[in-house]
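K.L.:
Pasting a structure here, questions to come.
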Amino acid sequence: MPELPEVEITARRLDEALKGAVIDSALTPGINTLKTFDPPLQSLVGQPITTIRRRGKHLVIDVGDELSVLIHLMSAGRLQLYDKKASMKDRTSRLLLRVDGEARELRLREFGTKQAAWVKVLRRDAVEDDPALATLGPDAWPDPPPLAELLKPQGARPLQAVLRDQRVIAGIGRSWVDEILWLAKLSPFARGKDLSPDAEAALREAMLAKLGGAIDHYEDVVKLPIADKLPLPLEVHRHQGEPCPRCGTTIEAVHYEDYILCYCPQDQTEGRVLKDRRLSRLLK
């Protein structure tokens with residue numbers, strides 16, 4: 001799933017390219033994609049794109065003076081700009097906004113068969129009240145609040161779950177939580193309520209360093225058209241079996257049904273290799 005850095009660079013690149021462009025037509029080939037009917041999708045036609053911005057993992061396209069398009073890419077969606085119309089045979093298309101006399105097309109594509117990505121056309125003054133945004137915690141970057149006030153109420157929940165909970169703090173997912181906890185030298189299963197002030201400070205610093213560093217990396221390497229797969233600058237996540245970049249210990253992983261958690265035993269779990277959840281389920 002695209003996380004805060006990936007959505008941020010998408011918003012920046014598209015905003016640079018499309019600010020002021022007038023929408024000539026709007027289509028939703030994905031039958032499950034559009035989640036609202038008032039205002040209608042066609043109310044976007046003839047209106048200029050004023051801003052494309054990010055909130056958590058969501059994209060917001062401000063259109064004209066009164067409307068906004070709220071988009072969640074979910075796990076397999078991508079918002080990309082093309083110099084030609086989508087083929088009628090392209091089954092990945094979910095939303096098509098054609099601009100500049102239909103010479104260019106802002107296209108929401110989604111890979112796979114789930115069709116989970118969604119779009120809402122909202123009045124500008126209702127965007128922050130939409131349940132998708134109203135329930136979000138503060139953004140994890142660029143200026144999250146002191147983490148104690150976010151973590152202490154979470155009780156015994158492990159950090160790797162709390163930091164991915166968008167209601168607690170917005171923007172972090174499965175990839176970047178591994179990176180942040182590794183940089184902070186904290187166990188994925190440490191409890192937020194048990195962290196010392198020094199550990200809280202290290203976690204906040206690691207959050208800013210990892211997310212901000214990824215965005216800086218993308219600023220250097222991501223150009224239009226945005227690739228389907230971005231070059232994520234990951235050091236730990238997806239690197240199980242490789243040496244830890246910091247200490248050389250083999251990076252280990254905990255496998256869940258639909259994702260993996262990666263960590264360095266030496267730096268994060270006092271040398272302990274955590275149980276593989278797949279094996280634990282088989283032994284029950």
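K.L.:
Just give me the residues in segment 142-152 being open to solvent by 70 Å² or more (accessible area, probe 1.4 Å) and free of Cβ contacts under 8 Å to residues at least 12 places away in the same chain, in sequence order.
P.N.:
Asp143, Glu149
K.L.:
Within segment 77-89, how many residues turn out to be open to solvent by less than 10 Å² (accessible area, probe 1.4 Å) and farther than 20 Å from Asp130 by Cβ?
P.N.:
1
K.L.:
Right, something else. Kindly check whether there is at least one residue in segment 230-247 that is under 22 Å from Glu8 (Cα atoms) and polar (S, T, N, Q).
P.N.:
Within segment 230-247, none of the residues are under 22 Å from Glu8 (Cα atoms) and polar (S, T, N, Q).
K.L.:
While we're on this one: At pLDDT 95 or above and open to solvent by 20 Å² or more (accessible area, probe 1.4 Å), is that true of Thr36? First the steps, then the outcome.
P.N.:
On the way: at pLDDT 95 or above: yes; open to solvent by 20 Å² or more (accessible area, probe 1.4 Å): yes.
The answer is yes for Thr36.
K.L.:
Could you tell me which residue of segment 32-50 is farthest from Ser87 (Cα to Cα), considering only residues that are among the hydrophobic types (A, V, I, L, M, F, W, C) and in contact (Cβ under 8 Å) with a residue 40 or more places away in the chain?
P.N.:
Result: Ile49.
K.L.:
Separate question: Scan segment 168-183 and report the pairs whose first residue is assigned to a loop (DSSP other than H, G, I, E, B) and whose second residue is among the acidic types (Asp, Glu), with Cβ atoms within less than 6 Å and a gap of 6+ or a chain change.
P.N.:
Gly171/Asp139; Gly173/Glu3
K.L.:
Give the residue that is farthest from Arg53 (Cα to Cα), with candidates limited to residues of segment 113-157 that are touching a Ser or Thr at 6+ places or on another chain (Cβ under 8 Å) and not charged (D, E, K, R).
P.N.:
Restricting to residues being touching a Ser or Thr at 6+ places or on another chain (Cβ under 8 Å) and not charged (D, E, K, R), the top hit is Gln115.
K.L.:
Among the residues of segment 195-222, count how many are exposed (fewer than 12 other Cβ atoms within 10 Å of the Cβ) and either within 15 Å of Glu149 (Cα to Cα) or modelled with pLDDT under 95 (or both).
P.N.:
Result for segment 195-222: 3.
K.L.:
Mind checking whether some residue in segment 159-167 is more than 22 Å from Ile215 (Cα to Cα), assigned to a strand (DSSP E or B), open to solvent by 20 Å² or more (accessible area, probe 1.4 Å) and of a type in the set (Lys, Arg)?
P.N.:
No, segment 159-167 contains no residue that is more than 22 Å from Ile215 (Cα to Cα), assigned to a strand (DSSP E or B), open to solvent by 20 Å² or more (accessible area, probe 1.4 Å) and of a type in the set (Lys, Arg).
K.L.:
Determine which single condition Asp228 fails, assuming it passes every other condition in (1) open to solvent by 10 Å² or more (accessible area, probe 1.4 Å); (2) among the acidic types (Asp, Glu); (3) at pLDDT 95 or above; (4) under 16 Å from the mean Cα position of the chain (by Cα).
P.N.:
(3)
A quick yes/no check of all residues on (1) free of Cβ contacts under 8 Å to residues at least 60 places away in the same chain; (2) open to solvent by 40 Å² or more (accessible area, probe 1.4 Å); (3) polar (S, T, N, Q):
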| site | (1), (2), (3) |
| --- | --- |
| Ile52 | yes, no, no |
| Ser75 | no, yes, yes |
| Arg91 | yes, yes, no |
| Leu95 | no, no, no |
| Arg124 | no, yes, no |
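The values are calculated or read from the model by the stated rules, or taken from the named source; none is laboratory data. Everything numeric in this text was worked out from a predicted model, so none of it was measured. Reconstructed Cβ throughout: ideal geometry from the backbone, glycine too, with neighbour counts over all protein chains shown. Only protein heavy atoms, including side chains, enter the accessible area calculation; ligands, DNA and RNA are left aside. Shrake-Rupley method; radii C 1.70, N 1.55, O 1.52, S 1.80 Å.
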